[in-house]
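First comes the structure, then the notes that go with it.
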Amino acid sequence: MSLVVMATGGTGGHIYPAVATARELMARGHETLLLGQRGGMEERVAAEQGLAFHGVDAGKLARSGQGRPDPRELLRAGQGVAQARSFLARTRPGAVVGYGGFASLPGVLAAQSLGLPTVLHEQNARLGLTQRLAVRGARAVGTAYERVIGLDPKRASLVGMPVRETRMPRAEALERLGLQDGPLTIFVMGGSQGSLFLNNAVPDTLRHLLGGEGLLAPQASAGGLNVDLDFTGSRAGGGVQVLHSTGPRWLADVARGVKDLEWYEAVGFVDAVAAWSVADLAITRAGTSTLAEAAFHGVPLIMVPLPESAENHQFHNAVAVQQAGAGRVVEQKDVPGTLGQAVLECAAAGPRASMREAALGRSQVGAAGRFADLIERHLR
Ligand SMILES: CC(=O)N[C@H]1[C@@H](OP(=O)(O)OP(=O)(O)OC[C@H]2O[C@@H](n3ccc(=O)[nH]c3=O)[C@H](O)[C@@H]2O)O[C@H](CO)[C@@H](O)[C@@H]1O
């Protein structure tokens with residue numbers, strides 16, 4: 001059994017696949033730890049998840065086409081590599097696994113300079129900047145998509161997106177989140193940092209749609225369209241409750257705006273396993289972890305892709321989900337006119353049931369296990 005180091009950080013999209021794989025490797029008897037930026041989101045997540053953590057400096061490298069990197073960031077990146085090198089020289093892990101993002105770079109480059117095996121995971125359909133710097137020296141690359149732009153297919157192994165494959169019992173999740181059993185539960189989540197756009201748009205849209213009581217009328221109309229909401233067989237009464245993860249920075253603003261709405265709960269950051277376990281419908285961005293988690297839990301999605309995402313990849317991610325019948329894409333520019341209507345259409349029992357089936361059908365169950373197999377094949 002070996003020590004396997006997970007080099008990761010920066011955003012939830014890079015950190016949670018590392019958490020899922022770490023759990024799988026630990027279940028197989030290996031030791032693991034997360035190596036990332038000291039004081040970064042990864043340090044907090046490791047503590048919450050009961051995982052060991054080692055922090056180093058890390059520096060953001062500018063993306064190509066966006067000018068030269070800031071010299072102070074480059075210096076921090078260099079210091080991070082030196083710090084990671086001395087840590088890895090001391091601990092001599094069996095492998096270092098890089099999940100992308102600037103915080104993963106020190107660990108991966110340090111490992112390669114020491115001749116330790118490195119394995120990468122690419123979560124998007126296009127190889128990220130950090131992974132491009134690390135790929136040459138890596139033994140293997142696990143991917144979430146069949147084709148990854150910028151990656152030689154001969155080097156890629158399609159393993160899927162590792163997600164935390166746990167469902168929380170409904171009663172426990174409701175209690176943990178302070179929600180009720182009965183109303184239709186809408187989960188709003190703008191990725192791991194929250195989304196200012198969704199934070200502004202969603203409360204207004206839902207207030208307009210549901211009124212002060214948070215009720216969907218059984219025959220509601222939106223944009224001249226009558227929608228049969230038929231709640232029979234689901235939760236009765238047409239009552240709705242919303243759980244909105246705003247991102248820690250924006251919580252106070254959003255909470256102030258919805259404080260008169262008893263059915264609207266704003267939180268800075270939520271236990272996503274609990275939230276997915278009770279959500280009937282979710283309004284989200286379209287990062288890969290978000291989509292993979294929704295698929296695992298069978299939650300229909302209304303996706304508002306982040307328009308500035310590299311190469312517009314979130315839009316392409318979201319279209320794939322829509323084509324599979326597991327959700328609806330509403331482009332950010334169309335939100336004012338169409339988000340409310342999309343909520344009405346997706347809240348109806350029939351469409352919700354078929355989207356749920358389609359979501360479950362998309363789930364790449366066992367991705368963490370397949371990625372752990374790949375890592376084990378390359379252990380020292
Ligand atoms: C702005 C940005 O750079 N976005 C990228 C980033 O998104 P981001 O980090 O937002 O990535 P994802 O949507 O993939 O994942 C968010 C993760 O955070 C978790 N979570 C979020 C909110 C919360 O309250 N609790 C919680 O646990 C989610 O459950 C999920 O595991 O990485 C993704 C995967 O590389 C990319 O596709 C995104 O384009």
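The aspartates and glutamates whose alpha-carbon is closer than 20 Å to the alpha-carbon of Lys333, local same-chain residues fewer than 8 away aside, are Asp204, Glu308, Glu311, Glu345. Reported value for the chain: 131 Å³ per residue, from the convex hull of its C-alpha atoms. In sequence order, the range 172-183 has phi-based couplings of 5, 5, 4, 5, 4, 8, x, 9, 9, 8, x, x Hz under the Karplus curve 6.51 cos²θ - 1.76 cosθ + 1.60, θ = phi - 60°, and Gly or Pro positions carry x. Going by Cα centres, the range 71-119 and the range 252-295 are how many Å apart? Using only Cα atoms, the two centres lie 34 Å from each other.
Ranked by the mean number of other Cβ atoms within 10 Å of their residues, highest first, the peptides 183-194, 163-174, 292-303 come out as 292-303, 183-194, 163-174. The C-alpha radius of gyration of the range 107-173, expressed as a fraction of 2.2 N^0.38 Å, stands at 1.40.
According to the calculation over all Cα-Cα pairs in the range 170-362, the P(r) per 5 Å bin from zero is 1, 8, 17, 22, 24, 17, 8, 2, 0 %. For Val270, no residue 5 or more places off, or on another chain, has a built amide H under 5 Å of its own. Remark: the range 86-99, residue by residue, has Karplus-estimated 3J(HN,Hα) of 5, 5, 6, 5, 6, 8, 6, x, x, 6, 10, 10, x, 9 Hz, where x stands for each Gly or Pro and the curve is 6.51 cos²θ - 1.76 cosθ + 1.60 at θ = phi - 60°. The translational diffusion coefficient of the range 233-345, from Stokes-Einstein at 10 °C and 1.306 mPa s with a Kirkwood hydrodynamic radius over alpha carbon pairs, comes to 105 µm²/s. A simple rule links phi to the HN-Hα coupling: the Karplus curve 6.51 cos²θ - 1.76 cosθ + 1.60 with θ = phi - 60°, which for the range 149-160 gives 5, x, 10, 4, x, 5, 9, 9, 10, 6, 10, x Hz, with x for Gly and Pro.
Computed from the coordinates by the stated procedures, all read-outs in this text should not be read as laboratory data. Computed from a predicted model, the values in this text were never measured in an experiment. Reconstructed Cβ throughout: ideal geometry from the backbone, glycine too, with neighbour counts over all protein chains shown.
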